[in-house]
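Structure record follows, encoded as structure tokens.
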Amino acid sequence: MDLDILRHSTAHVMAAAVSRLFDRVLLDIGPATETGFYYDFDLPHRLAPEDFEAIEKEMRRIVAEDLPFERLEVSREEADAFFRERGQRYKLERLADIRPGEPITIYRCGDFADLCRGPHVARTSDLRAFKLVSVAGSYYRGVETNPMLQRLYGVAALSQEELDAHLRQLEEAQKRDHRKLGRELDLFSTQDDVGPGLIHWHPKGARIRAIVEEFWRREHFRGGYELLYTPHIGRSGLWETSGHLGFYRENMYAPMAIDEVSYYVKPMNCPFHIQVYKSRKRSYRDLPLRWAELGTVYRYEKAGVLHGLLRVRGFTQDDAHIFCTPEQMETEVQRAVRFALAMWRAFGFTEISAYLATRPDKAVGETARWEQATASLERALQAEAIPYKTDAGGGAFYGPKIDIRVRDAIGREWQMSTMQFDFNMPERFDLTFVGEDGREHRPYMVHRALLGSLERFFGVLVEHYAGAFPLWLAPEQVRVLPLTDKQAAPAEALAERLRAADVRVNVDRRSEKVGAKIRDAQLEKVPYMAIVGAREAEAGNVSVRCRSKGDLGAMGVEDFLRRLQEEVAGRI
């Protein structure tokens, strides 16, 4: 049985149960999601977790009634009369969204009926395992000036065993929530006085970000890339040429007037990289050009979809553009895919898969170019033995792409890296290079992001490690704990020795018992604690405690340092 169909059908049964239990229920939509389903309601009663048991009980009663899901194809007039009679104004507005000529279908389940494309399971008795998990506010159609609806979330599975496993995963995900850990570990915040979706990186979070950026830059230089830095704003004409003002304006912030010319804060880096390409005449001998930038961009996101670091309004993109000849294209794609795999594995992600999105019905660019580009993407996936699925027709209108997904420590899948061909921008900006034949040719252009954005990547990283970062990423690698004030001087001397070897270290000089200091270091997820007592100070040793392995006993300072350096070098 298809899991999306099962989840969507469960959403209908939940809506039926809510309609039975409460008065004046207005219905909006109830789709399946990646992890479950939800339904949006407008009703006088304020739904709360205390209601979940009664709703689930009514859902089980509907399942036990073994009701069929009946598909009714109706005319627009019949549908209008049906929902108007029932006072379902949101359904009437959704009905108006259906284009002329498209079929209009109502799915009936007992006394409950919904405007829906379907499909559904055959009968309610096919729904075996479900649970309601949360309720939240959601603006109708995601527009802040529209009414606030109540979004009731649930999860569904093919069996109770699978549901129990999924619920355990959700419980673990709550413990790992990067917003919660961000507060507890003092990594980042948003500030009301500044605005939602705008991230403040605190010292510990900023230290990890700096480590990631240093690693990113080093690996890019090793991979044959050059770095660019580009402006944060650009004239309106640039965005008109790129097509952003025509197709992306609703996600861009309002223009500012400078010297009586409109400028926009950049939502993307690509037009600036193109301007660098156009700054001089290019030869086939110059290509390929691999240009990368950690470029900060700003995009308008509705308040209702903002989510910690995962959905923000200002973020730094791990961005790159490759300009190459048709003959170089396949090699460049394979290099980019291999680079992505190496990057993710370095950060501890080993389960990696991909989606290959192909030509949609409406597309720009020659068919032969699309076929050549798509074949090169597919061969790159095959060469690197990445399991992948084909998303037929799922490419952007301007080119096919690969989306790389990684699975985290608790089994969740995240879409992260992208390799996107673009046949549109080179045409719009009239990009050329002089070929071996002395004539001008159009280069291939590939948009490439490995980590996505640093903000979203960091959110995923926090949850993957539950805040317990490996030594090479930890903002504080060692905490030195003097047993008493008498050991303060040797503790500081140890810290200085470690700092001289680029170890990130702090000394806990509080007048607390060492047990309390160890407990605090554990809670703050510091990888190593170095305890300095009278014996250690006299012998020139240190008593080492590991976050994950406990007491490691006494060892010489140089031996301890060597252990740290080997662990960092191996990114263990």
request  = Give, in nm to one decimal, the length gained when the segment between Arg108 and Ala210 is fully stretched (0.36 nm per residue of separation minus the Cα-Cα distance).
outcome  = 31.1 nm
ask   = Relative contact order of region 223-367: what whole-number percent is it, with Cα pairs under 8 angstrom and at least 6 residues apart?
value = 22
message = I need the calculated FRET efficiency for the pair Asp23 and Glu492, taking r as the beta carbon distance and R₀ as 56 Å, to the nearest 0.05.
response = 0.20
message = Would any residue of region 409-428 have its amide N under 16 Å from a label point 7 Å out along Cα→Cβ of Glu240? List them or say none.
response = 428
Length gained when the stretch Arg168-Ala554 is fully extended (0.36 nm per residue, less Cα-Cα span) = 135.0 nm
key: Karplus-derived HN-Hα couplings along region 456-462 (A = 6.51, B = -1.76, C = 1.60, θ = phi - 60°), whole Hz, x at Gly and Pro   = 5, 4, 5, x, 5, 5, 4
Centroid-to-centroid separation of region 483-559 and region 159-205 [C-alpha atoms, Å] = 30
request  = DSSP loop (so not H, G, I, E, B), at most 13 other Cβ within 10 Å: list which trypsin sites (Lys or Arg not before Pro) in region 362-402 pass both filters.
outcome  = Lys362
task = Would you please name the chymotrypsin sites (Phe, Trp or Tyr not before Pro) within region 328-405 that are DSSP coil residues with at most 15 other C-beta atoms within 10 Å of their C-beta?
result = Phe397
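Given a Förster distance of 22 angstrom, what is the FRET efficiency for Ala81 paired with Thr145, based on the Cβ-Cβ distance and rounded to 0.05?
On the way: r = 29 Å, r/R0 = 1.33.
Given R0 = 22 Å and the Cβ-Cβ separation, E is 0.15.
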query = Using 7 Å Cα-to-Cβ label points, what is the Ala48/Thr35 separation (nm, one decimal)?
reply = 2.4
Over 21 Å between alpha carbons, listed pairs Lys180/Lys513; Lys180/Lys204; Lys180/Lys525; Lys204/Lys525; Lys266/Lys302 = Lys180/Lys513
ask   = In nm, to one decimal, how far is the Gln522 label point from the Gln191 one, both placed 7 Å along Cα→Cβ?
value = 3.5
message = Cβ neighbours within 10 Å, averaged per peptide: list 59-71, 17-29 in order, most packed at the top.
response = 17-29, 59-71
ask   = With the contact rule set at Cα under 8 Å and sequence spacing of 6 or more, what percent relative contact order holds for the chain?
value = 10
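In nm, what is the difference between 0.36 nm times the number of residues separating Ala466 and Arg117 and their Cα-Cα distance?
121.7 nm
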task = Mind running the shape call on region 20-167? Use the C-alpha gyration tensor, a ≥ b ≥ c as the square roots of the eigenvalues: rounded below 1.5 for a/c, prolate if a/b tops b/c, oblate otherwise.
result = oblate
Within-14-Å neighbourhood charge of Tyr263 [Cβ basis; K, R +1; D, E -1] = -1
task = Note down the net charge around Arg76, summing +1 for each Lys or Arg and -1 for each Asp or Glu among other residues with Cβ under 14 Å from its Cβ.
result = -3
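Only the coordinates and a few stated rules stand behind these numbers; no lab work does. This one's a predicted model, so the numbers in the text were calculated from it and none came from an experiment. A quick note on method: Cβ atoms are made from the backbone with ideal geometry, for glycine too, and the neighbour counts reach across all protein chains shown.
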